[in-house]
Amino acid sequence: MTTTAPLTLVNVTLEYPDGGGTTTALDRVSLTAEAGQLVALVGPSGSGKSSLLAAAATLVRPTSGQVIIDGTDTMGLGDKELTALRRGKVGIIFQQPNLLPSLTAVEQLVISDHLRGKSAKAATARAAELLDVVGLSASAGKLPHQLSGGQRQRVNIARALMGSPRVLLVDEPTAALDHERSASIIALLRQVTNEFSVATVMVTHDTEFVPLTDVVATMRDGKLTTPVLAGA
Ligand code: ADP
Ligand code: MG
């Protein structure tokens with residue numbers, strides 16, 4: 001039997017043009033995230049954490065190396081195929097929930113599925129299910145400004161799950177939240193990683209939450225040190 005990890009990076013190097021030269025944001029980074037695994041990505045500012053997520057999300061093309069999503073080597077794909085793969089397999093959660101101000105919580109989710117060509121009826125049922133998972137059933141009809149910061153981040157998480165992704169990429173999800181809300185958001189990410197068997201890579205500053213993760217990967221100057229088991 002062969003199993004395919006949802007996300008594998010092999011020797012990924014990413015260089016950005018910088019004046020006359022280049023900045024190496026990622027230097028031969030290799031990482032595997034398994035289904036149901038929550039990987040914490042830590043390291044100082046500027047070490048390449050967001051660049052790693054952008055490469056894994058196929059939002060930037062590495063200079064060299066391979067980004068393999070659910071068994072597909074994305075390096076050989078054209079832009080259209082890449083967009084389709086991303087919509088079908090990857091959920092992205094950034095620091096600031098980028099919600100549309102005039103849409104209710106349930107509408108934020110339904111509209112995201114529109115791009116995937118699903119029927120409105122199926123999307124609405126799925127949206128209701130996911131709002132329940134993130135604890136927001138009672139707030140389905142609320143607009144973003146009627147929600148707290150933590151609730152908005154929960155909508156963001158539910159929205160990222162709408163396409164039933166295999167991979168969840170999360171960049172500092174609690175940076176705008178107080179301690180208590182941060183803890184509950186990390187607990188929710190732990191829960192959905194298990195419940196939906198996604199491979200989650202989460203950038204976090206807060207080492208306090210490391211015990212809730214499975215693996216800790218540390219970035220330094222674009223290099224990834226060998227990932228270790230959380231708590232080890
Ligand atoms: P982190 O998320 O760990 O703070 P980043 O991935 O944002 O680190 O940045 C890694 C390096 O790449 C830094 O030196 C940063 O200045 C550079 N960098 C990031 N994004 C860009 C970009 N779009 N253009 C040029 N340089 C960039
Ligand atoms: Mg960053």
Task: CD proxy at 222 nm, helix term only [per DSSP H run n ≥ 4: -39500 (n - 2.57); per residue of the chain; nearest 500] - done: -10000 deg cm²/dmol
TODO: Can you tell me how much longer the chain between Asn194 and Met75 gets when fully stretched, taken as 0.36 nm per residue apart minus their C-alpha distance, in nm with one decimal?
DONE: 40.0 nm
Task: Local net charge near Leu131, Cβ-Cβ under 12 Å (Lys/Arg +1, Asp/Glu -1) - done: +1
Open item on the list: Just to be sure I follow the rule: in the chain, considering lysines 8 or more places apart or on different chains, how many pairs have Cα atoms under 30 Å apart?
Closed with: 12
Open item on the list: Can you sort Asp214, Asp206 from fewest to most other Cβ atoms within 10 Å of each residue's own Cβ?
Closed with: Asp206, Asp214
TODO: For the chain, give the share of DSSP beta bridges that are antiparallel, in percent and rounded to the nearest 5; count only bridges with both residues there.
DONE: 55
TODO: Have a look at Glu129, Glu208, Glu172 and tell me which one the Gaussian network model of the chain (Cα, springs below 10 Å) gives the largest fluctuation.
DONE: Glu208
Open item on the list: Can you sort Met202, Met75 from fewest to most other Cβ atoms within 10 Å of each residue's own Cβ?
Closed with: Met75, Met202
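What FRET efficiency comes out for Arg28 versus Thr4 if R0 is 30 angstrom and r is the Cβ-Cβ distance? Round to the nearest 0.05.
It comes out at approximately 0.85.
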Task: In range of the label at Leu59: residues from segment 98-128 whose backbone nitrogen is under 12 Å from the point 7 Å along Cα→Cβ - done: 98
Open item on the list: Restricting to Cα pairs below 8 Å that are 6+ residues apart, what does the relative contact order work out to for segment 7-229? Please round to a whole percent.
Closed with: 31
Open item on the list: Give me the one-decimal nm value for the distance between modelled label points at Asp178 and Gln66, 7 Å along each residue's Cα-to-Cβ direction.
Closed with: 4.9
Task: At R0 = 22 Å, FRET efficiency that the Cβ-Cβ distance of Val228 and Asp206 yields, to 0.05 - done: 0.80
- [ ] For each of Val201, Val134, Val60, count neighbouring Cβ atoms within 10 Å of the residue's Cβ, then give the residues from fewest to most.
- [x] Val60, Val134, Val201
- [ ] Please give, to one decimal in nm, the separation of the simple spin-label points placed at Ala138 and His114, each 7 Å out from Cα toward the Cβ.
- [x] 3.0
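All of the numbers you see were taken from the coordinates with simple rules; none came from a lab. For clarity, every value in this text was computed on a predicted model and none was experimentally measured. As a convention, Cβ positions derive from the backbone with ideal geometry for all residues, glycine included, and neighbour counts pool all protein chains shown.
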